[in-house]
Structures are given as C-alpha cells and as structure tokens.
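Visitor: Here's a structure for you.
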Amino acid sequence: MSLTSAATLATLDRTGPRRITDLAAVEGVTQPAMTALVRVMEASGLVERRGDASDKRVTLVCLTEAGASYVRTRRQAGVHAFERLIGELTGDEVEALVAALPALKHLAELESQDREGPKQ
C-alpha cells in the first residue's frame with residue numbers, strides 16, 4: 001500500500017467521511033489522483049462512497065470496517081516497533097523522551113490541524 005493510501009485511510013479514520021476534493025487537499029495530491037486512489041481502495045474494500053445527507057449532490061468517501069481494521073493493525077504495528085526500539089535506549093535517553101512528550105504531542109496536533117484543513 002502506498003504512503004498516500006495509508007495516510008488517506010488514517011485521515012478518514014480520524015475525521016470521518018470526506019469529499020474527494022477535501023481528501024486531495026489534505027493529502028497534497030490532485031483531485032484526479034485522489035479519485036484514482038479512492039477507486040483502487042474501493043475495489044479493495046477499504047473505503048466506500050456514500051451520499052451526503054445534507055447535500056444530495058455530494059458523494060463522501062467513508063472507511064469500511066476492513067479499512068478501519070487495516071488502520072488499527074498498522075497503528076498497532078507502529079506501537080510494537082517503537083516499544084522494541086525504546087527498549088534498546090539507555091535510562092537517560094528514555095527520560096529525555098518522556099520529557100519531550102508534551103512538545104511532541106503539540107507537534108502532532110499542529111500537523112493534524114494542517115492536514116485536516118478547514119472543517120466542513
């Protein structure tokens with residue numbers, strides 16, 4: 001799976017259903033590229049398209065249960081990788097990481113806000 005595909009699934013998991021144009025902007029790709037990507041992920045059963053109840057002209061891309069499961073599995077694999085690597089650090093290095101957690105959390109929040117763009 002491409003990084004853009006994985007990032008798109010993670011975005012849908014965090015933010016809920018989105019328009020293709022919104023996903024393209026958030027992921028930094030063109031609308032035609034996102035349309036093609038959604039088509040592939042739809043064929044794989046990871047996403048589905050649904051109508052927007054508030055605007056019948058709009059189609060939203062939604063995460064399926066298989067897509068949500070993929071995101072959970074990928075996140076868990078990342079957690080396990082970090083656990084293993086942190087286990088190889090010295091006590092002082094672990095303490096430095098713990099001290100940096102508030103700043104890292106803030107960076108993640110800022111990045112998430114940038115990726116999500118304006119709320120609908």
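Visitor: If V40 satisfies every condition in (1) assigned to a helix (DSSP H, G or I); (2) at positive phi but one, which is the exception?
Guide: (2)
Visitor: Something else now. Can you tell which of A33, A24 is under 13 Å from the mean Cα position of the chain (by Cα), small (G, A, S) and surrounded by 12 or more Cβ atoms within 10 Å (Cβ to Cβ)?
Guide: Numbers: A33 fails: under 13 Å from the mean Cα position of the chain (by Cα).
Of A33, A24, the one residue that is under 13 Å from the mean Cα position of the chain (by Cα), small (G, A, S) and surrounded by 12 or more Cβ atoms within 10 Å (Cβ to Cβ) is A24.
Visitor: Could you check the stretch 3-32 and list, in sequence order, the residues that are of a type in the set (D, E) and closer than 14 Å to R72 by Cα?
Guide: First, pick out the residues of the stretch 3-32 that are of a type in the set (D, E): 13, 22, 27.
The one that is of a type in the set (D, E) and closer than 14 Å to R72 by Cα: D13.
Visitor: So, in the stretch 58-85, how many residues would count as being assigned to a strand (DSSP E or B) and in contact with a Gly (Cβ under 9 Å, 6 or more places away or on another chain)?
Guide: Residues meeting the conditions: 5.
Visitor: Moving to a separate point now. Quick check on my filter: what residues within the stretch 53-78 are open to solvent by less than 70 Å² (accessible area, probe 1.4 Å) and small (G, A, S)?
Guide: Listed by number, the residues that qualify are A66, G67, A68, S69, A77, G78.
Visitor: Among the residues of the stretch 79-95, are any open to solvent by 30 Å² or more (accessible area, probe 1.4 Å) and either in contact with a Phe, Trp or Tyr (Cβ under 9 Å, 6 or more places away or on another chain) or among the hydroxyl-bearing types (S, T, Y) (or both)? Reasoning before the result, please.
Guide: Restricting attention to the stretch 79-95, the residues satisfying the condition of being open to solvent by 30 Å² or more (accessible area, probe 1.4 Å) are 79-95.
Checking which are either in contact with a Phe, Trp or Tyr (Cβ under 9 Å, 6 or more places away or on another chain) or among the hydroxyl-bearing types (S, T, Y) (or both) leaves us with 90.
Checking the stretch 79-95: at least one residue is open to solvent by 30 Å² or more (accessible area, probe 1.4 Å) and either in contact with a Phe, Trp or Tyr (Cβ under 9 Å, 6 or more places away or on another chain) or among the hydroxyl-bearing types (S, T, Y) (or both).
Visitor: Among the residues of the stretch 1-14, which ones are open to solvent by less than 40 Å² (accessible area, probe 1.4 Å) and of a type in the set (V, I, T)?
Guide: Going through the stretch 1-14, the residues open to solvent by less than 40 Å² (accessible area, probe 1.4 Å) turn out to be 5-12.
Listed by number, the residues that qualify are T8, T11.
Visitor: Could you list, in sequence order, all residues of the stretch 4-35 that are of a type in the set (G, A, S) and more than 22 Å from S69 (Cα to Cα)?
Guide: So in the stretch 4-35, the residues of a type in the set (G, A, S) come out as 5-7, 10, 16, 24-25, 28, 33.
Those that are of a type in the set (G, A, S) and more than 22 Å from S69 (Cα to Cα): A24, A25, G28, A33.
The values are calculated or read from the model by the stated rules, or taken from the named source; none is laboratory data. Remember, it's a predicted structure, so these values are computed and weren't measured experimentally. In this analysis, Cβ positions are derived from the backbone assuming ideal geometry, glycine residues included, and neighbour counts consider all displayed protein chains. For the accessible areas, the whole protein counts, side chains as well, though only heavy atoms, and no ligand, DNA or RNA atoms are used. Shrake-Rupley method; radii C 1.70, N 1.55, O 1.52, S 1.80 Å.
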